[in-house]
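**Q** For reference, the structure I am asking about is given below.
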Amino acid sequence: MKEQREHWGSRLGFVLAAAGSAIGLGTLWKFPYVTGQNGGGIFVLFYLFCTFFIGIPLFMGELIIGRRAQRGPVGIFMELTPDKPGWKCVGWLGVLSSFLILSYYIVVAGWGLNYFLLSLNQFYLNRNEQEISGLFDTLYQSGGISLFWAFIFLLITFGVVYQGIRKGIEKWSKVLTISLFIILIGLFLYSLTLSGMPKALRFIFYPDFAKFRASAFLEALGLSFFTLSLGQGILLTYGSYLRKIDDIPKTAVIVAVMVISISLLAALMIFPVIFTFNFPPEGGEGLVFKTLPILFAHLRGAMVISTLFFALFVFTALTSAVALLEVVVANLIDLYSWSRKKAIISTTIVVFIVGIPSAFSGSQEVFKKWLPMYGQTFFTSVDSLVSVWLLPIGGLLLAIYVGFVLDKKMLLAEFREGSSWQFLFGIWYFLIKWAVPIAIILILLQKSGFFNVDDLISRLYT
Ligand code: TRP
């Protein structure tokens, strides 16, 4: 007999844990800087489009088959289609993506820890705006310090995962996700008073079609997958901890809306600072760390606010990192019957080792020739490998699996189980079977250079 699987304690607990896993550095750190690099409004529009029409259907799809199979991400495919062993690869691909993301995620979260400590020391005192934002460059160029903080963060993640699902992940996600929301709204209200706000609003919400680049579409798709944690088996895993009474379609929409609102709130805090103090919007990975401290420095009670913010930053990173680690661990336990302890300890060690070159990306002390050879740092290489290729490919295969391999009746039954939004099944099924795969294939073809939408469009207009 199968051992009883641990399940989420309550409906709210699951929504918040799913949101907690989704809301993380993708939302607070990545969304703003990728938006900045891709021209603002038009990119935000792509992002929303991808999230609603590609992201949400896949999100539901993952939860549905996870709950059905009650296994880890690779086991799911063995359980649902034992006669088609090839599909297991999709699970493995997801596990690989989670693992790779975790390896550089800990570096960014570690920077957050560093800023938590800096905030306690009131680092912005007696420094002008340029000096405050320059601190990030110092950190970035110091591989040792980056690695140290990444290590500490990884240890904390290890500790939480070690305690198991309910006690570890669920409990913490509730309190922290809500606190984050509150503090973000507070900071946003303050940003409203900055003189750069009108420019920022225009930058974020006004889609300038002259800036249209199809390649930004791919970027938006990758980001949408990243922020919703799609294509990596995490939602398959979380789905398997769901109970029959949980409402999958509704949860998916709620989580997506939360992710979008937090992403936009983060951007709405950061861009006013950029336009008020004339920083370049395409500031890259350091954007959050370079701009927000300036915002904080202008506030009364700067020390408390900035410390609180970075504490929450680290916590949201933690709820996501925990999930990323859990994917790999759950899988090892499920497939090879490793003990939880053995699986967690070995995964943590390997993640740390693979994370080393990412931590040293700015100082270039490890893999010195990486940047000249590949034109981007090790950190960005891993990040784009995952967001541009692995996640969309994982999503594509999953959509094909759900749409063409699995039995429609089974999906219908599982979709309806516990849901008050049963009428959505038809639309969902159409999207996941046709729209999602076609959109992803087009985007991937564009990226591989088979055709160039930018060219086609400019030819149409000339
Ligand atoms: N969605 C998370 C974020 O926005 C990052 C992430 C990607 C993730 N894949 C995941 C989190 C898998 C948990 C599980 O930061």
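**Q** Say the cut-off is 32 Å between C-alpha atoms; which of K341/K368; K84/K244; K30/K84 go over it?
**A** Working: K341/K368 36 Å; K84/K244 26 Å; K30/K84 37 Å.
Those over the limit are K341/K368; K30/K84.
**Q** Kindly report the accessible area of segment 2-460 per residue (heavy atoms of protein chains, probe 1.4 Å, no ligands, DNA or RNA), in Å².
**A** That works out to 39 Å² for each residue.
**Q** Let me ask something else about it. What are the semi-axes of the equivalent ellipsoid of segment 12-53, taken as the square roots of 5 times the eigenvalues of the Cα gyration tensor, listed largest first and rounded to whole Å? Mind showing how you got there, number by number?
**A** Numbers: eigenvalues 114, 35, 5 Å².
After diagonalising the Cα gyration tensor, the semi-axes are 24, 13, 5 Å.
**Q** For K199, go through the lysines and keep the ones whose alpha-carbon is under 20 Å away, minus same-chain ones fewer than eight residues off.
**A** Filter leaves K211, K290.
**Q** Measure nothing but the geometry: give the 0 to 90° angle between the long axis through the Cα atoms of 41-50 and the longest principal axis through the Cα atoms of the chain, rounded to 10°.
**A** Rounded to the nearest ten degrees, it is 20.
**Q** Arranged from highest to lowest average of other beta-carbon atoms within 10 Å per residue, in what order do the peptides 33-41, 184-192 appear?
**A** On the way: 33-41: 22.1, 184-192: 16.1.
Highest to lowest by the protection proxy: 33-41, 184-192.
**Q** Roll a 1.4 angstrom probe over the protein heavy atoms and tell me the percent of accessible area of the chain that is carbon or sulfur.
**A** Working: 12290 of 18300 Å².
So the carbon and sulfur contribution to the accessible surface is 67 percent.
**Q** Could you give me the ³J(HN,Hα) list for segment 236-243, computed from phi with Karplus coefficients 6.51, -1.76, 1.60 and θ = phi - 60°, whole Hz, x at Gly and Pro?
**A** Computed from phi, the couplings for segment 236-243 are 4, 5, 4, x, 6, 8, 7, 9 Hz.
**Q** When a/c is below 1.5 the answer is rounded, else prolate if a/b is larger than b/c, else oblate, so apply that to the chain with a ≥ b ≥ c taken from the square roots of the Cα gyration tensor eigenvalues.
**A** prolate
**Q** Something else about it: At a Cα cut-off below 17 Å, give the aspartates and glutamates reachable from K433, other chains included and same-chain residues fewer than 8 away excluded.
**A** Reachable aspartates and glutamates: E62, D407, E414.
**Q** Based on the mean of other Cβ atoms within 10 Å per residue, sort peptides 138-149, 366-377 so the most packed one is first.
**A** Working: 138-149: 18.4, 366-377: 13.1.
The densest-packed peptide leads the list: 138-149, 366-377.
**Q** Helix 214-227 sits at what angle to the longest principal axis of the chain, using alpha carbons and giving 0 to 90 degrees rounded to 10?
**A** 70 degrees
**Q** Charges at C-beta only: +1 for Lys and Arg, -1 for Asp and Glu. How large is the resulting dipole of the chain about its Cα centre, in Debye rounded to 20?
**A** Dipole size: approximately 780 debye.
**Q** For helix 143-162, what angle does its Cα long axis make with the longest principal axis of the chain, in degrees from 0 to 90 and rounded to 10?
**A** Orientation of helix 143-162: about 40 degrees from the principal axis.
**Q** If each of Q130 and F53 carries a label point 7 Å out from its Cα toward its Cβ, how far apart are those two points in nm?
**A** Here the answer is 4.6 nm between the modelled labels.
**Q** Now for a different question. Heads up, I need the accessible area for D407: 1.4 angstrom probe, whole protein in place, Å², nearest 10.
**A** Rounded to the nearest 10, the figure is 80 Å².
**Q** What are the semi-axes of the equivalent ellipsoid for segment 1-158, taken as the square roots of 5 times the Cα gyration tensor eigenvalues, largest first, in whole Å? Before the final figure, lay out each step's value.
**A** Values: eigenvalues 280, 87, 50 Å².
Semi-axes (√(5λ), whole Å): 37, 21, 16.
The values are calculated or read from the model by the stated rules, or taken from the named source; none is laboratory data. Predicted, not measured: the structure shown is a model, and the values here were computed from it. Positions of Cβ are backbone-derived with ideal geometry, glycine not excepted, and every protein chain shown enters the neighbour counts. Each accessible area value is taken on the protein alone, full model and side chains, heavy atoms only, with ligands, DNA and RNA left out. Shrake-Rupley method; radii C 1.70, N 1.55, O 1.52, S 1.80 Å.
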